[in-house]
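Since the structure comes first, as structure tokens, the remarks are kept for the end.
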Amino acid sequence: MAKKTSVRKSKTRALVTPRMSIAEAVCKYPKTAEVMMRYGMHCIGCQVAAMESISQGAAAHGLNKAQVAKMLKEMNAVAKRKR
């Protein structure tokens with residue numbers, strides 16, 4: 001009989017997600033703006049930031065998937081410190 005292996009999901013939920021709008025992330029977690037700016041996303045005050053997701057903004061600024069993942073990891077670390 002084959003052993004069943006369980007897949008453990010992380011209990012820590014991401015506070016900042018790629019689908020979240022740039023404005024929402026900055027409004028909820030202001031320090032995330034500093035992280036985005038380090039990655040060249042200076043669109044924090046732009047009118048489009050209210051409608052554009054973090055992943056859309058990152059793509060518009062030429063970030064690849066690995067860079068977006070790293071940025072999101074840093075943004076979540078900053079957001080969790082707020083709690």
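Here residue 67 meets the list (1) modelled with pLDDT of 95 or more; (2) crowded, with 16+ Cβ neighbours inside 10 Å almost entirely, failing just condition (2).
Criterion applied to 16, 48 was being surrounded by 13 or more Cβ atoms within 10 Å (Cβ to Cβ), in contact (Cβ under 8 Å) with a residue 60 or more places away in the chain and either not aromatic (Phe, Trp, Tyr) or not in a helix (DSSP H, G or I) (or both), and the one residue passing it is 16.
Conditions (1) within 19 Å of residue 81 (Cα to Cα); (2) hydroxyl-bearing (Ser, Thr, Tyr); (3) at pLDDT below 95; (4) touching a helix residue (DSSP H, G or I) at 6+ places or on another chain (Cβ under 9 Å), marked per residue:
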residue: 17; (1), (2), (3), (4): yes, yes, no, yes
residue: 27; (1), (2), (3), (4): yes, no, yes, no
residue: 35; (1), (2), (3), (4): yes, no, no, yes
residue: 38; (1), (2), (3), (4): yes, no, no, yes
residue: 44; (1), (2), (3), (4): no, no, yes, yes
residue: 55; (1), (2), (3), (4): no, yes, no, yes
residue: 62; (1), (2), (3), (4): no, no, no, no
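The values are calculated or read from the model by the stated rules, or taken from the named source; none is laboratory data. Predicted, not measured: the structure shown is a model, and the values here were computed from it. Because the Cβ atoms are built from the backbone with ideal geometry, glycine has one as well, and the counts that use them run over all protein chains shown.
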